[in-house]
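Worksheet: the structure to be examined is printed underneath.
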Amino acid sequence: MIVVENLNKKFGQNHVLKGVDCHIREREVVCVIGPSGSGKSTFLRCMNGLESITSGSIVINKHRLDDAKTNINLVRQEAGMVFQHFNLFPHLKVIDNVMLAPLKVGKVSKEEARAKAEMLLAKVGLAAKMDTFPGSLSGGQMQRVAIARALAMDPKIMLFDEPTSALDPEIVGEVLTVMKDLANEGMTMVVVTHEMGFAREVADRVIFMDQGLIVEEGTPEQIFSTPQHARTQGFLSKVL
Amino acid sequence: MFRPFEWQDLVPLAEGAWLTIQLCAVSGVLGVIFGLILGIARTSPSRIARWISTIYISCVRGIPVLVIIFFVFFGIPLLFPGLEPDKFSSAVIALTCFAAAYVAEIVRGSIEAVEKGQSEAADALGLDYWRKLRYVILPQAVKIMVPPGIGFLIGLVKDSSLVTVTGLLELTHAGNVVTNLTGDPIKTFLVVAAMYFAICYSISLLGRLYEKRTGIHVDPLKLPEPAGL
């Protein structure tokens, strides 16, 4: 479903991704872990074209991202994204945040978009907050709205960029629960995260990145219990 | 030869004030429209659009308003023989050219002040450039541009007094005419000043009203702050 080959990304002189190869299958849940500055967020952002690719190739669901003829907006409709800082639209009510893309991009009727949005908000447990503005929500609620918003375009893949890093510890759980449900429904997910517990429990595969490279990957059991590489061991000994 | 300042002298002054209001309303609206277009062009992904608007804005901002007024008033009939706009039209053209450049900078600043994550979130949802601008960026930018925009419009009203040099009978010019009749510049220009003040103060009241009405929903200080800080 996602095929990344020899992905390189430079910001000026700064070589952030140094040849990343990665294949992600349909319905697979992949967690990407690693220290700050390891390139994991950049890696994720390359997958929906928020960062341009310096060299290499990414194929998302048969769309080649490195091909200038690819309509990036079609790819983005198939790959929803959830951000660390939620990035909800503060001038729109919660329900309108969720309805915006289906209505303006997806060309569905208003009733259809609304029914869909209500269903998604109910799914993330926020049906009651439909008509409020994002500014009055807690961080955890905002992130759940952001997940509903990303799901509104019926993406085949969901990309999560440290979705719980900006949250108070006691509300991290409510967001992780929603993500767990999503994983159980068979969504293909790539999750950049510092939540090792979540990675261990939900991921089919864990990727450890450091200094722009995938150092090690395997099942959560392999990575967390018997890491092979010294850098993986060093990182895990500090965070676990 | 002079006669004292009388109540009837308020009539030409009121007429002048009304002309000033019309002048500023028309050039203000046109200035905002062209300023929006230029400001959007200034932040557009198209290099040519950015280039053209940048050149226009820097040129106009580097020229005194009075020179623009003279240039339009005397220049247009010479550059386009046969085209002789009346005084009001030349004043509108000059003030619009001037206003567009300043409004464009306010628009650019406001668009850039919208948090970068908003643009990324719109991108990630698959909105193209125009939809992103229309539904995500501009609604937020407009709220940011209102306070400086109101400030600029007030400045425009005051700068419009410069078109008095073309002989258009706007408020300042009317003040001059009445002074020549009455020989009483103190009373006359006190009235003129009071009228300018009334116009400007009304604009700032309108601005405050707008801010109060929209401010309920979006307080830039209360935008989603990363929690846990």
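Scanning the stretch A:60-83 for residues that are part of a loop (DSSP other than H, G, I, E, B), at pLDDT below 95 and either among the small types (Gly, Ala, Ser) or closer than 16 Å to residue B:122 by Cα (or both) gives A:68, A:71. Note on the stretch B:1-29: residues that are under 10 Å from the mean Cα position of the chain (by Cα) and more than 14 Å from residue B:152 (Cβ to Cβ) amount to 2. If the condition is being crowded, with 19+ Cβ neighbours inside 10 Å and not aliphatic (A, V, I, L, M), then the stretch A:85-95 contributes A:85, A:86, A:87, A:89, A:90, A:91. Among the residues of the stretch B:112-125, are any polar (S, T, N, Q) and within 29 Å of residue B:35 (Cα to Cα)? Looking for residues that are polar (S, T, N, Q) and within 29 Å of residue B:35 (Cα to Cα), one finds at least one in the stretch B:112-125, hence yes. Of the helices (runs of 4 or more DSSP H) contained entirely in the stretch B:37-117, those carrying at least 1 residues that are under 21 Å from residue B:138 (Cβ atoms) and out of contact with any strand residue (DSSP E or B) (no Cβ under 8 Å at 6 or more places or on another chain) fall at B:47-61, B:87-113.
For the stretch A:47-77, the candidate set comprises residues that are more than 7 Å from chain B (Cβ to nearest Cβ) and crowded, with 20+ Cβ neighbours inside 10 Å; within that set, the residue that is nearest to residue A:106 (Cα to Cα) is A:75. The helices (runs of 4 or more DSSP H) located wholly in the stretch A:168-240 that include 1 or more residues which are among the acidic types (Asp, Glu) occupy A:169-184, A:196-202, A:220-225.
Whenever a residue of the stretch A:159-177 is open to solvent by less than 10 Å² (accessible area, probe 1.4 Å), its partners that are small (Gly, Ala, Ser) and not in a helix (DSSP H, G or I), lying with C-beta atoms within less than 8 angstrom and at least six residues away or across chains, give the pairs A:159/A:79; A:159/A:80; A:166/B:227; A:166/B:228.
Filtering the stretch A:36-51 to residues that are under 17 Å from the mean Cα position of the chain (by Cα) and either hydrophobic (A, V, I, L, M, F, W, C) or assigned to a loop (DSSP other than H, G, I, E, B) (or both) leaves A:36, A:38, A:39, A:43, A:44, A:46, A:47, A:48, A:49, A:50, A:51.
Looking at the stretch A:142-149, can you tell me whether even one residue there is open to solvent by less than 50 Å² (accessible area, probe 1.4 Å), within 11 Å of chain B (Cβ to nearest Cβ) and in contact with a strand residue (DSSP E or B) (Cβ under 6 Å, 6 or more places away or on another chain)? Yes: the stretch A:142-149 contains one or more residues that are open to solvent by less than 50 Å² (accessible area, probe 1.4 Å), within 11 Å of chain B (Cβ to nearest Cβ) and in contact with a strand residue (DSSP E or B) (Cβ under 6 Å, 6 or more places away or on another chain).
Results for (1) among the aliphatic types (A, V, I, L, M); (2) under 25 Å from residue B:64 (Cα atoms); (3) more than 14 Å from chain A (Cβ to nearest Cβ), shown as yes or no for each residue.
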| position | (1), (2), (3) |
| --- | --- |
| B:82 | no, no, yes |
| B:94 | yes, yes, yes |
| B:104 | yes, yes, yes |
| B:146 | yes, yes, no |
| B:156 | yes, yes, yes |
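Scan the stretch B:119-126 and tell me whether some residue there is more than 14 Å from every other protein chain (Cβ to nearest Cβ), at pLDDT 95 or above and open to solvent by less than 10 Å² (accessible area, probe 1.4 Å). So far as the stretch B:119-126 goes, no, none of its residues is more than 14 Å from every other protein chain (Cβ to nearest Cβ), at pLDDT 95 or above and open to solvent by less than 10 Å² (accessible area, probe 1.4 Å). Of the helices (runs of 4 or more DSSP H) that lie entirely inside the stretch B:123-221, those containing 2 or more residues that are of a type in the set (Gly, Ala, Ser) and over 25 Å from residue B:112 (Cβ atoms) span B:171-182, B:185-215. Residue B:60 meets the stated requirement of being touching a Cys at 6+ places or on another chain (Cβ under 7 Å) and either open to solvent by 70 Å² or more (accessible area, probe 1.4 Å) or without any contact (Cβ under 8 Å) to a residue 60 or more places away in the chain (or both).
Considered as a group, the residues in the stretch A:115-135 that are facing another protein chain (nearest Cβ under 9 Å) and not aromatic (Phe, Trp, Tyr) include one that is most open to solvent (accessible area, probe 1.4 Å), and that residue is A:135.
Within the stretch B:106-118, if we keep just the residues that are over 30 Å from residue B:20 (Cα atoms) and surrounded by fewer than 19 Cβ atoms within 10 Å (Cβ to Cβ), the residue that is nearest to the other protein chains (Cβ to nearest Cβ) turns out to be B:117.
The values are calculated or read from the model by the stated rules, or taken from the named source; none is laboratory data. This one's a predicted model, so the numbers in the text were calculated from it and none came from an experiment. Neighbour counts run over all protein chains shown; Cβ positions are idealised from the backbone, glycine included. Ligands, DNA and RNA are excluded from the accessible area calculation, which covers all protein heavy atoms including side chains. Shrake-Rupley method; radii C 1.70, N 1.55, O 1.52, S 1.80 Å.
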